[in-house]
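A.B. asks: Below you'll find the structure I mean.
Just so it is clear, none of the values below were taken in a lab; they were calculated from the coordinates. Computed from a predicted structure; not experimentally measured. Note: ideal-geometry Cβ built from the backbone for every residue, glycine included; neighbour counts use all protein chains shown.
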Amino acid sequence: MIDTPKNLTRNILVGLILGFVVGAFLFYTNFFPSSVDAFVEKYIFKMGGDIFMNLLKLLVVPLVFFSLVTGISSLGSSQSLGKLTFKTVGFYLLTTGIAVSLALLAGSFFQPGSNYSSDIAMAAPSSLPQGQGIYSTIVGIFPSNIIQAMAENQMLAIVFFSIIFGLALNKTNHLTGNLSDSFAKLNTVFLQLIVMIMSFAPLGVFCLIGKFVIADGLDIFQDVLAYVVLLIALLLFHAAFTYSMFLKFIGGLNPLTFYRKMKDVALFAFSTSSSAATIPVTLRTVNQDLGVNQNVASFVVPVGATINMDGTAIMQGLATVFIAQMSGIDLTLFQYIQVVLLAVATSIGTAAVPSAGTITLIIILQQFNLPLEAIGIILAVDRVLDMIRTSVNVTGDAAIACIVAKTENQLDENIFNSKA
């Protein structure tokens, strides 16, 4: 059982408020000499924020690798790796692609960061690199040197290697003395490491927010409300509309019945902010209340907790557009396509623990040379948004479980349609 930090939401909010108050006090008053303000800005806010950012970046590659290898290697027998596997993974990737595309479209239309003006905009590059081209991007998925790919944070290459390594581990598990168990244990260690580092998030938020406020004053938050409102609207729309369309037109199921039976699971996911912690509740509801065969449920739901991160993909897509707009940069169509690919890939590798999606967002920002410092704004408001994202994720897990079971004739529709 992962030892999660206590009162993380409250502590992050306290860190946010203190960073805001201290930064604003130093920005708007001359109570201390300018040398003191400069010392606080550099050796408390900047240094503290940089250390926290380094700790987050430290986890990106091992987080993706061990999470994916563990999930893929635990798929079961070769029969489980057949039609059921491709159908499940295919549906999950499809909904994730829809999710991030929806976020990019909404971000481009509503322009939540277009009115932002700060040192970030002045420090950002005037234009983004045009990328390697479609040919190089596709070839880059298949690395010639996985160590180099990991060192350079080539996320698509890391995901590809993790998947084929997990498949090979699955097929040779009986020859290696259940080596997959060792990877599962290592994955547990890294999940705990994530939680340990996230326990410092209140201090990190204090430093990152204080760094922004002491430089820009109150103007730093002028567009955050637009980002938060738009992100919540997108999450709710995706959960209510996209999944309803899948349930109705692919599964032939009543979405209202599904949502009525999923409300307790969604609330539990909201309180825990962890898809993994919600797995037992999701499995019970999917099997006993929604009528999904136990064998199908026990495969689809855990795999979903590993690779189905629609809420995370929406956040990453919108946050990327938001930060690009803050920096005064217009993304090209090909760069939007790259964002979709990276958001899908990094959401797959995102651990099912609180706020892990913020860590993998760093990869996308690095890919486009966007200022990593701007992630402080995202992290400051991310805790509550992460709770909503987790509810969306587990709702997607259950919806895909029902659809896969229905297409495999493994769904008891009498149980699904019952009033209980």
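A.B. asks: Quick one: if the Förster radius is 51 Å, what FRET efficiency do I250 and Y43 give, using the C-beta to C-beta distance and rounding to 0.05? Spell out each step's value before the answer.
C.D. replies: Numbers: r = 56 Å, r/R0 = 1.11.
According to the calculation, E is roughly 0.35.
A.B. asks: Next question. Can you list the HN-Hα couplings for the range 39-47, worked out from phi with the Karplus curve (6.51, -1.76, 1.60; θ = phi - 60°), rounded to whole Hz and with x for Gly and Pro?
C.D. replies: Residue by residue, the range 39-47 yields 5, 4, 5, 7, 9, 10, 5, 5, 5 Hz.
A.B. asks: Can you tell me the order of 328-334, 238-244 when each peptide is scored by its average per-residue count of other Cβ atoms within 10 angstrom, highest first? Provide the component values of the computation, followed by the final result.
C.D. replies: Working: 328-334: 14.1, 238-244: 19.0.
Per-residue mean Cβ counts within 10 Å order the peptides as 238-244, 328-334.
A.B. asks: Beyond a 24 Å Cα-Cα separation, which of these cross-linked pairs lie in this structure: K57/K171; K46/K185; K83/K185; K83/K171; K83/K263; K171/K406?
C.D. replies: Those over the limit are K57/K171; K46/K185; K83/K185; K83/K263; K171/K406.
A.B. asks: Got a sec to turn the phi values of the range 229-244 into Karplus ³J(HN,Hα) couplings, 6.51 cos²θ - 1.76 cosθ + 1.60 with θ = phi - 60°, whole Hz, x for Gly and Pro?
C.D. replies: 4, 5, 5, 4, 4, 5, 4, 5, 5, 5, 5, 7, 9, 4, 5, 4
A.B. asks: Give me the percent relative contact order of the range 257-343, please, defined on Cα pairs under 8 angstrom at least 6 residues apart.
C.D. replies: 20
A.B. asks: Ok, one more. Which value in nm describes the separation of the simple spin-label points at F142 and H174, placed 7 Å from the Cα toward the beta carbon?
C.D. replies: 3.0
A.B. asks: How far apart, in nm, are the 7 Å Cα→Cβ label points at K87 and I337?
C.D. replies: It is 3.1 nm.
A.B. asks: Right, next: For the range 307-322, take each phi angle, set θ = phi - 60°, evaluate the Karplus expression 6.51 cos²θ - 1.76 cosθ + 1.60, and give the result in whole Hz per residue in order, putting x for glycine and proline.
C.D. replies: Whole-Hz 3J(HN,Hα) from phi for the range 307-322: 10, 9, 10, 4, x, 5, 4, 4, 4, 5, x, 5, 5, 5, 5, 4.
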